[in-house]
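Student: Below are the structure tokens for one structure; questions will follow.
The values are calculated or read from the model by the stated rules, or taken from the named source; none is laboratory data. This structure is a prediction, so every number in the text was calculated from the model and none was measured. In this analysis, Cβ positions are derived from the backbone assuming ideal geometry, glycine residues included, and neighbour counts consider all displayed protein chains.
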Amino acid sequence: MSRVISGIILGLLLGIWTFIAIRYAYPVWQVMIATGCFLATAGKLEGLWKVLVTLLSGILWIFLTMWVFTELGLGRYNIPVAIGVTTLIIYAQTALWFLSFIMAALCGAAIHFGTILRGDPWWHSILAVIVGPILGYLAELIGSFIIKRDQT
């Protein structure tokens with residue numbers, strides 16, 4: 001029952017976010033991906049921090065590799081090489097426990113890459129990977145509060 005209530009609350013929160021996002025041209029699909037990454041963790045506050053850090057690391061790595069390979073003048077090979085090197089770095093960073101959530105790091109890189117390809121501002125990536133997991137966490141928190149309240 002807790003999952004159903006949290007799911008309903010998350011649906012409402014994502015609906016509200018989408019309404020706001022469409023009005024102000026903020027990211028929608030990126031937030032949904034970042035929310036999904038939070039849901040793939042064990043949840044709770046530990047999951048929130050882990051997914052935030054790894055999503056942001058993915059953004060950082062794709063940004064840095066694309067910048068470096070653009071500066072090197074690789075032309076049409078810039079993007080494929082940057083994505084390959086970013087993936088290698090993301091796999092290497094799993095040696096650090098707080099960066100070991102590969103899925104979130106790859107999603108962070110994909111969010112940033114897709115945002116840039118669409119021509120959206122770079123900060124939409126950052127906004128999405130912060131808002132998405134927080135919405136997931138809030139849904140979990142509110143859902144557990146409702147369940148506990150009904151049990152008393």
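Student: Going by the conditions given, is Val68 more than 14 Å from the chain's Cα centre (by Cα), surrounded by 14 or more Cβ atoms within 10 Å (Cβ to Cβ), within 20 Å of Thr115 (Cα to Cα) and at pLDDT below 95?
Tutor: Yes; evaluated as a whole, the condition is true for this residue.
Student: Say we look at the range 1-47 and pick out the residues that are part of a loop (DSSP other than H, G, I, E, B) and farther than 15 Å from Val129 by Cα; which of these is modelled with the highest pLDDT?
Tutor: Here the answer is Ala25.
Student: While we're on this one: Looking at Ile89, Ile146, which is the one that is β-branched (Val, Ile, Thr), surrounded by fewer than 19 Cβ atoms within 10 Å (Cβ to Cβ), over 24 Å from Leu10 (Cβ atoms) and out of contact with any Leu (no Cβ under 8 Å at 6 or more places or on another chain)?
Tutor: Ile89
Student: How many residues, within the range 48-65, are surrounded by 16 or more Cβ atoms within 10 Å (Cβ to Cβ) and more than 17 Å from Ile116 (Cα to Cα)?
Tutor: Summing the residues that are surrounded by 16 or more Cβ atoms within 10 Å (Cβ to Cβ) and more than 17 Å from Ile116 (Cα to Cα) in the range 48-65 gives 6.
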